[in-house]
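What follows is a single structure, written as C-alpha cells, with notes after it.
The values are calculated or read from the model by the stated rules, or taken from the named source; none is laboratory data. Here the structure is a predicted model, which is why all the values come from computation and not from measurement. When we count neighbours, we look across all protein chains shown, and the Cβ atoms used for this are built from the backbone with ideal geometry, even at glycine.
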C-alpha cells in the first residue's frame, strides 16, 4: 500500500475518500461565526506555515497554506479546503487522521493541534471558509464605541453608579463589552493619591510635583484630575520620559559597539527627540524628519540632526573589518529598525530567505534596503568619523534669543543663496567653458630653480615642475623657491596644492593627520626685497582661516582648507601684484611660504607655481577645477549626465560668492556659540547622495559578498501593505517616510498607539509589541485598537491627545487591587477588570529615589554622564589597556538616568539588572523579571543608600515633624501617598531597632552615613542619622516604592 509523507498534500482519491468517511463519523459542532483573521489564520501560521508557508525555497512540501488561492486550489481532483463541504476538505481529514504517517501536523514536528483548534478549523470550513487578510494588514476600520452594550446587558452585576461612570468615555465602552462578555465587573476607582502617582509615573517616570499633589488632593474631582494630566503632559519630565522610550527603539548609545566600542557623540540627537516631545511635534512630522529630514528642501540643521535615528546603529572600527560587509550590516540594521518601530514587523526574518510566516519575500526585504543604502557611507571606522556627519549643538541648550536669531538669519541666508544658485552656476559654467582655452594660455607653469626648506624636511622637484615635501612632524617650516622667469612679465602668481596618495584623507594635501595645511605667511621677493601685493584670492577657505591671513603679517593666523571636501582635490591661491614686473636674467625671483602653526605636518605636501602676465587676471574662473569637473564643463549641455551636473555643482558651491558669504556668516555664528560656552558635537546623520543611486541587489542567504547583480532591485515596500495592486511604490526615502504616516499604511497608527497603551498598562493591547505579523498575539480588544488608531490619525497625530485619552478613561483609573476571581479568570489583566500594576524600570526607580531625596539634578541635555558603577566592569571587556570608568562629580552624579553614559559592551549594570535593553539593536517591548539581583541593587547600590541618607537628613532638618509624623512624612516624600497605620507601626519598630543598633556601633553608623559623594550635615547626631537612614532605605526597598500601581 502506498504511504505518503506528512510533509505533502499530494494525495490520491482513494485516501481522500477514506479520510472523508472517518471525518463524517464525527459529530458536528455548533459554534459562533468564526473570524478567519483572528481565529483561523493564527492556527495556520503557527502549526502549518513552517512546512507550508511563504518560504517555498526552504521547505520540503510543494503545498502552501498561506494564501486563499493555495488553500482552495484543485490539487488533482481534490482540495485542501472546499468551502462549506467538510467531507470534501482534505484539511479536515488530515487534522483528524490517527495514522502518524498521515496526520497534520506530523507527529515529529513538535506542533500539536488542540481539540479547540480542530473545532475552529472545522467550523470555519462549514461556514463557507471565508478568507481575509491578516487583521494587521488591513486598513483600520472606523469603529464606533459600543455604547449600546450598557442597554443590552441589563443583568450584569455592575452597580448603577459604575454603569453611569463607564458610559462617558469611548475607551470604557470597548472594555466594558469584553468585561460583560466574561461576566466581570470593573474595579472601583483608585484613591486620588494612588491615581495621581500612577499618572505621574507612567507619563513622566517621576513622582508628581509637590505642588500638584497639594492642589489635586485638596479637590480630587474629575476636572481636577484632567487638569493634572494636562500639567504632567506639558512638563519637561514628560518629554524626557517619552524620549527614554524612543531611545530604546532607536538603539541610541554613547559608543560604537563591537570589540573596540569607542565613544561617539550622537547625544544632540537624544536632545532633539526630547525637544520634539516637549513641543508635542505631531508624530507624522516626527517620523518624516527622522527618516528623511536630510531630503527636505533647504533642510535645516535641526532637520538633518533628526536623521541620526538611522545612524544610531553599531559602527565597526576594528582592524581587519571589511568595509563592504559592515556597510551591508549598517543598512540592514536600518531596514529592521524602521520595520520594527513603524510597522511592527520582523522584517529581518526575510534577510536570508522569504519570511517563514509573514508575506514578505527576500526580494521585498532588499527593496526596502534600497531606500537606505545611498548616503555615501564607508561602513567602517569610528562613529565620530563615520561620514556623513555634522556638527550639532543640544537643542535643549538655553541659548539666548539673540544668538538663536543670528543662527536663524544665517540659515535663511544660506537657503536664499541656494534658491538662486542654479542661475549663477549656469552663467559661470558658460563663461568658463568659453574661457578654458584662453585661460590655459594666460597661466604658465613656473620653471623651478633653486629651492630649499628652512627647518625640518626637504623639497624635491619633479619633471612636471611640481615640488614634493618630505618631512615628519614638521613645524615652523619655510619653503624658498626661486623661479626662472628671465625677461618674462609677471602680474599674478598662483600656488596650487596638489593631492597625493602619500598624504592622509580627506584632503591629501599635506603630511598632517587629516591632509590639511596652514599657510601662515606668503611673500614674493625680488632680489630679497618684498614685492607689493594688490590682492589675494583662493579657490577654497576653511572657516576661520581665510586666504587673507596669509599676507597679514600675523604669525598667529593662516590659510587652511579643511572641511569642504570629503574627497581629495587641488586648491589654488592667487596673489595679484600691485604692478606688473619684468624679471631680468640677473634677478632672483623668489616665492617664500611659511608654515608656522602649532599643528604638526601642516605644510603643503605637493605644489606647483604658476605665473600670469595678464594684468588684472586675479582668480581665474577655472581655478580649482579637478579633472572630472574640467571634463564635465567641456561637454555640451545636452550631453552632460546627472553625475556631470552634480560634479559641476559640487565645485561651484565652493566658489559661489553669495553662498560662500552665507556659509561664512553661519561659521561666525557657530564660533560665537562655542565662544559663549555651548558644546558642539559630531553626530552621524543621513545625507542622500544625488545623481545615480547606489544599486541594491538580493543577497544570497543574506551574505554581503553574494549579491545577485543580474537583477538590480527597485525601491519598494512589501506589496501586502499597499492599499491595492495599483498603488504606487514610494520612489525614495522621503516618500517612504510620508507613506509610513499616510492613511494608506495599515500599521503605523496601530503600532504606535499600542506602544502608548503599553506605557500606561505595562502590556500593549497587542502583547507582542514588536510583532504585528502572523505570529503576533491577537489584540485583546481589536475594535479598541482600531478606534485609537483612527483617533490618532484624525487628531493630527497628536501624541499628547492620545495619552490624555487613555489616562482619563475609567479603565485606567481603576484600582489595581485584585482578587481570587480575577486571578483565576484573567491573571494577566488582559480584560482590564482592574487598573495597571507592574514593577517600574531601573530608570524610574533610580530617578524617583533621587527625587525623593532632593538630590535629583534638573539639568537638561548635553553630553552623557557617568554616575556610580561598580569598579572594574569596563576593564574586563576593554579592547585597550587602561580603559576605565571614571565617575563624574557634582550634580552630574545625580542627573536623570536617561543621561547616563550607555556603553554597548558594558551596559549600565543597574539598568541591565532591571531588564533594560542592550541598545545594540532596536527594542520596543518592555521585559520585566523579578530576581534576587534586583533586591541586591536596591540594598547595596550607593545611589539608594545615599538617597536614603538625604531623605533622612531632610526629615531631621524639618523642625515641624518628629516621631511617627516624621516617618509618615518620609514615606509620603518617597511614595507620594500616605502610609497606613500598619505600615507606620512597622517603620516605628524598625527605627527603634536601628537606633539601638547604631547607638552601640558608632563606627558602622559613621560608615553608613558617609556613603556617596554628597556632603552630609555634620550637625546631626550620627547614630540618629544612621538609624533614620536605615529606615528610609527600608522604605526605598518596599514593593510599593518600585511598583506602579
Open item on the list: Among the residues in segment 748-762, are any assigned to a loop (DSSP other than H, G, I, E, B), surrounded by 20 or more Cβ atoms within 10 Å (Cβ to Cβ) and in contact (Cβ under 8 Å) with a residue 12 or more places away in the chain?
Closed with: no
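Here is a yes/no grid of residues against (1) modelled with pLDDT of 90 or more; (2) crowded, with 21+ Cβ neighbours inside 10 Å; (3) in contact with a helix residue (DSSP H, G or I) (Cβ under 6 Å, 6 or more places away or on another chain):
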{"residue": "877", "(1), (2), (3)": "no, no, no"}
{"residue": "883", "(1), (2), (3)": "no, no, yes"}
{"residue": "886", "(1), (2), (3)": "yes, no, no"}
{"residue": "889", "(1), (2), (3)": "yes, no, no"}
{"residue": "892", "(1), (2), (3)": "yes, no, no"}
{"residue": "895", "(1), (2), (3)": "yes, yes, no"}
{"residue": "920", "(1), (2), (3)": "yes, no, no"}
{"residue": "926", "(1), (2), (3)": "yes, no, no"}
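Can you confirm whether residue 809 is more than 26 Å from residue 911 (Cβ to Cβ) and in a loop (DSSP other than H, G, I, E, B)? So that I can check it myself, show each step before the final result.
Working: more than 26 Å from residue 911 (Cβ to Cβ): yes; in a loop (DSSP other than H, G, I, E, B): yes.
The answer is yes for residue 809.
Do we have residue 939 as surrounded by 22 or more Cβ atoms within 10 Å (Cβ to Cβ), in the same structural domain as residue 870 (by TED's automatic domain parsing) and within 27 Å of residue 837 (Cβ to Cβ) here?
Values: surrounded by 22 or more Cβ atoms within 10 Å (Cβ to Cβ): no; in the same structural domain as residue 870 (by TED's automatic domain parsing): yes; within 27 Å of residue 837 (Cβ to Cβ): yes.
Judged against the criteria, residue 939 is not a match.
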Task: Members of segment 153-206 that are in contact with a strand residue (DSSP E or B) (Cβ under 9 Å, 6 or more places away or on another chain) and either free of Cβ contacts under 8 Å to residues at least 12 places away in the same chain or under 21 Å from residue 219 (Cβ atoms) (or both) - done: 165, 188, 189, 190, 195, 197, 198
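For segment 550-557, indicate whether the set of residues that are in contact (Cβ under 8 Å) with a residue 40 or more places away in the chain and not in a loop (DSSP other than H, G, I, E, B) is non-empty. Please lay out each step first, then the result.
Pass one, segment 550-557, residues in contact (Cβ under 8 Å) with a residue 40 or more places away in the chain: 555.
Within this subset, residues satisfying the condition of being not in a loop (DSSP other than H, G, I, E, B) are none.
Checked segment 550-557: no residue is in contact (Cβ under 8 Å) with a residue 40 or more places away in the chain and not in a loop (DSSP other than H, G, I, E, B).
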Open item on the list: Please go through segment 423-452 and give me each residue that is closer than 15 Å to residue 659 by Cβ, surrounded by fewer than 14 Cβ atoms within 10 Å (Cβ to Cβ) and either in contact with a strand residue (DSSP E or B) (Cβ under 8 Å, 6 or more places away or on another chain) or modelled with pLDDT of 90 or more (or both), ordered by number.
Closed with: 423
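Out of contact with any strand residue (DSSP E or B) (no Cβ under 6 Å at 6 or more places or on another chain), farther than 25 Å from residue 228 by Cα, part of a loop (DSSP other than H, G, I, E, B) and without any contact (Cβ under 8 Å) to a residue 40 or more places away in the chain, is that true of residue 777? I'd like the intermediate steps shown before the answer.
Working: out of contact with any strand residue (DSSP E or B) (no Cβ under 6 Å at 6 or more places or on another chain): yes; farther than 25 Å from residue 228 by Cα: yes; part of a loop (DSSP other than H, G, I, E, B): yes; without any contact (Cβ under 8 Å) to a residue 40 or more places away in the chain: yes.
For residue 777, the condition - out of contact with any strand residue (DSSP E or B) (no Cβ under 6 Å at 6 or more places or on another chain), farther than 25 Å from residue 228 by Cα, part of a loop (DSSP other than H, G, I, E, B) and without any contact (Cβ under 8 Å) to a residue 40 or more places away in the chain - is met.
So which of 162, 156, 114 is surrounded by 14 or more Cβ atoms within 10 Å (Cβ to Cβ) and at pLDDT 85 or above? Before you say what the answer is, go through the steps one by one.
Numbers: 156 fails: at pLDDT 85 or above; 114 fails: surrounded by 14 or more Cβ atoms within 10 Å (Cβ to Cβ).
Only one candidate qualifies: 162.
Quick one: which residue in 232, 289 is surrounded by 22 or more Cβ atoms within 10 Å (Cβ to Cβ), modelled with pLDDT of 95 or more and outside the structural domain of residue 380 (by TED's automatic domain parsing)?
232
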Open item on the list: Looking for something touching a strand residue (DSSP E or B) at 6+ places or on another chain (Cβ under 6 Å), on the phi < 0 side of the Ramachandran plot and surrounded by fewer than 20 Cβ atoms within 10 Å (Cβ to Cβ) - is there at least one such residue anywhere in segment 366-381?
Closed with: no
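Any residue at all in segment 483-490 that is in contact with a helix residue (DSSP H, G or I) (Cβ under 7 Å, 6 or more places away or on another chain) and either at pLDDT 90 or above or outside the structural domain of residue 459 (by TED's automatic domain parsing) (or both)? Write out each step before concluding.
Initially, segment 483-490 is screened for residues in contact with a helix residue (DSSP H, G or I) (Cβ under 7 Å, 6 or more places away or on another chain), giving none.
No.
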Task: Residues that are at pLDDT below 95, surrounded by 12 or more Cβ atoms within 10 Å (Cβ to Cβ) and over 19 Å from residue 361 (Cβ atoms), drawn from segment 724-743 - done: 743
Task: Failed item in (1) under 28 Å from residue 192 (Cβ atoms); (2) surrounded by fewer than 21 Cβ atoms within 10 Å (Cβ to Cβ), with residue 999 passing the rest - done: (1)
Task: Any helices (runs of 4 or more DSSP H) falling wholly within segment 959-1018 and containing at least 3 residues that are under 23 Å from residue 1043 (Cα atoms) and free of Cβ contacts under 8 Å to residues at least 12 places away in the same chain - done: 981-999
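For the structure I just gave you, tell me whether residue 983 is assigned by TED's automatic domain parsing to the domain that holds residue 888 and either loosely packed, with under 15 Cβ neighbours inside 10 Å or in contact with a helix residue (DSSP H, G or I) (Cβ under 6 Å, 6 or more places away or on another chain) (or both).
Details: assigned by TED's automatic domain parsing to the domain that holds residue 888: yes; either loosely packed, with under 15 Cβ neighbours inside 10 Å or in contact with a helix residue (DSSP H, G or I) (Cβ under 6 Å, 6 or more places away or on another chain) (or both): no.
Considered against the rule, which asks whether it is assigned by TED's automatic domain parsing to the domain that holds residue 888 and either loosely packed, with under 15 Cβ neighbours inside 10 Å or in contact with a helix residue (DSSP H, G or I) (Cβ under 6 Å, 6 or more places away or on another chain) (or both), residue 983 comes out as no.
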Task: Considering residues of segment 676-707 that are without any contact (Cβ under 8 Å) to a residue 40 or more places away in the chain and in contact with a strand residue (DSSP E or B) (Cβ under 7 Å, 6 or more places away or on another chain) only, the residue farthest from residue 371 (Cα to Cα) - done: 706
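Okay, residues lined up against (1) buried (at least 22 other Cβ atoms within 10 Å of the Cβ); (2) closer than 20 Å to residue 920 by Cα; (3) at pLDDT 95 or above:
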{"position": "297", "(1), (2), (3)": "no, no, no"}
{"position": "304", "(1), (2), (3)": "no, no, yes"}
{"position": "318", "(1), (2), (3)": "no, yes, no"}
{"position": "323", "(1), (2), (3)": "no, yes, no"}
{"position": "328", "(1), (2), (3)": "no, yes, yes"}
TODO: Those residues that are buried (at least 20 other Cβ atoms within 10 Å of the Cβ) and in contact with a helix residue (DSSP H, G or I) (Cβ under 6 Å, 6 or more places away or on another chain), I need them from segment 593-614; list them, please.
DONE: 612
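How many residues are farther than 11 Å from residue 177 by Cα and surrounded by fewer than 17 Cβ atoms within 10 Å (Cβ to Cβ) if we restrict to segment 140-150?
Step one: list which residues in segment 140-150 are farther than 11 Å from residue 177 by Cα, which gives 140-144.
Add one more test, that the residue is surrounded by fewer than 17 Cβ atoms within 10 Å (Cβ to Cβ), and what stays is 141-142, 144.
The number of residues fulfilling the criteria is 3.
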- [ ] Inspect all residues belonging to segment 824-845 and state whether any of them is over 29 Å from residue 284 (Cα atoms), in contact with a strand residue (DSSP E or B) (Cβ under 9 Å, 6 or more places away or on another chain) and assigned to a helix (DSSP H, G or I).
- [x] yes
- [ ] Answer yes or no as to whether residue 791 is in a helix (DSSP H, G or I) and closer than 19 Å to residue 226 by Cβ.
- [x] yes
Task: Single match in 123, 136, 93, 129 (criterion: at positive phi, touching a residue at least 24 places away in the same chain (Cβ under 8 Å) and crowded, with 19+ Cβ neighbours inside 10 Å) - done: 129
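Got a sec? Which helices (runs of 4 or more DSSP H) wholly within segment 245-332 have at least 3 residues that are under 28 Å from residue 789 (Cα atoms) and over 14 Å from the mean Cα position of the chain (by Cα)? Full working, then the answer.
Numbers: elements: 267-278, 283-292, 301-306.
Counting at least 3 such residues, we get 267-278, 283-292.
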Task: Number of the condition not met by residue 933 [criteria: (1) touching a helix residue (DSSP H, G or I) at 6+ places or on another chain (Cβ under 9 Å); (2) loosely packed, with under 14 Cβ neighbours inside 10 Å; (3) in contact (Cβ under 8 Å) with a residue 24 or more places away in the chain] - done: (3)
Open item on the list: Please go through segment 846-901 and give me each residue that is more than 18 Å from residue 241 (Cβ to Cβ) and assigned to a helix (DSSP H, G or I), ordered by number.
Closed with: 853, 873, 874, 875, 876, 877, 890, 891, 892, 893
